[in-house]
Every structure is written in structure tokens, then in C-alpha cells.
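Q: Provided herewith is a single structure, encoded as C-alpha cells, for subsequent inquiry.
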Amino acid sequence: MSQPQVLSRRVVHKDHVIFREGEPGNVMFLVQSGRVQIWRGQPDDRVQLGIVPQGGVFGEMAIFDGKPRMASASALEDTVLVQIQGDHVREALRKADPILTKLIKVILDSARGLGAQLEAAHRAPAPTAEPEGGEEA
């Protein structure tokens, strides 16, 4: 059985979902051209977490920590991606200094928590203002 290529190219058309929150991830991506939106929630009720421009990388968190995708990704315009196989990245991590791998884990755990907090804050109802000159008890 042949091994998958470490790198491959993928063309993604505007508005196409690249991956969805909760899916397993065995590929990370480099944006060769175009832009990608990272978001949580449903396609018709998104909370944007960020935009990945040309030259940016995304989808790495699931590769590094083995957890499901923390967010979804969609092409904001026709986009060319370079796919990097997770097995290749994980092999490099196995050879890395253990302090570096621990640091990566801490950063990823923080990023996952911040993503969830951002979505929760965005969805929280707006505080209501107290009327001025209200009655005293």
C-alpha cells in the first residue's frame, strides 16, 4: 500500500466549506492564494474567529493534539491550498524537544478555550441599560 503524498494542492471555490467543527483532522493547510475564514457555529449563524490570508496556516490544532476540529473553515474567495499530511507533522513532533511539544500543547489548549469563550461572548444577550432616574427602594 502506498503512503499519501506529504504535500498536495487543492483548489477550493468561494464559500466552499473546507472542514467542519467537530470533524477529525489529519491534514493541515497552507494558503497559497486566496483567503480562508475560520468560524464556529452553523453556516447561517457564524461566529468568525479569524481570517487566514495568503501564506497563512490553519487546521494544525487537530494535527498537534489529536482532538476534533475546534472550528470550521471556508474559502472567502477561490483559494489554492497546500495540504500537509498530519502523519508527517506528528513524526516531526515526535523528534522535537519535549519542552517544545509541551509548550505547543499549552498554547493549543489556550486557543481552544479562547475560541469557545469568543463564541459564547458573541452569542450572549446584550446587557440591558438601567433607566435613568429610577425609583429608590
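Q: Do you know the relative contact order of the chain, to the nearest whole percent, from alpha carbon pairs under 8 angstrom that are 6+ apart?
A: The value is 31 percent.
Q: Could you tally up the Lys pairs in the chain with alpha carbons closer than 22 Å? Skip any pair fewer than 8 positions apart unless they're on separate chains.
A: Counting lysine pairs in the chain gives 4.
Q: While we're here: In a shell of Cβ-Cβ distance under 10 Å around residue 13, excluding residue 13 itself, what net charge do Lys and Arg (+1) and Asp and Glu (-1) give?
A: So the environment of residue 13 carries a net charge of -2.
Q: Could you please tell me the mean projected area of the C-alpha convex hull for the chain, averaged over all directions and given in square nanometres to one decimal?
A: The Cα convex hull of the chain, projected and averaged over all directions, gives 12.9 nm².
Q: Need one number: nm distance between label points at residue 15 and residue 114, each 7 Å from Cα along Cα→Cβ, rounded to one decimal.
A: 3.1 nm
Q: Summing Lys, Arg as +1 and Asp, Glu as -1, what charge do residues with Cβ under 10 Å from the Cβ of residue 109 carry, residue 109 excluded?
A: +2
Q: Give the separation of the Cα centroids, region 104-118 to region 5-49, in Å.
A: So the separation of the two Cα centres works out to 18 Å.
Q: Residue by residue, what Karplus-based ³J(HN,Hα) values in Hz, rounded to whole numbers, does region 97-112 have, using 6.51, -1.76 and 1.60 with θ = phi - 60° and x for Gly and Pro?
A: Whole-Hz 3J(HN,Hα) from phi for region 97-112: 4, x, 5, 5, 5, 5, 4, 4, 4, 4, 5, 5, 4, 5, 5, 4.
Each reported figure results from applying straightforward, stated rules to the coordinates on display, with no laboratory input. Note that the structure is predicted; figures quoted are calculated from it, not measured. Ideal geometry is used to build each Cβ from the backbone, glycine not excepted, and the neighbour counts take in all protein chains shown.
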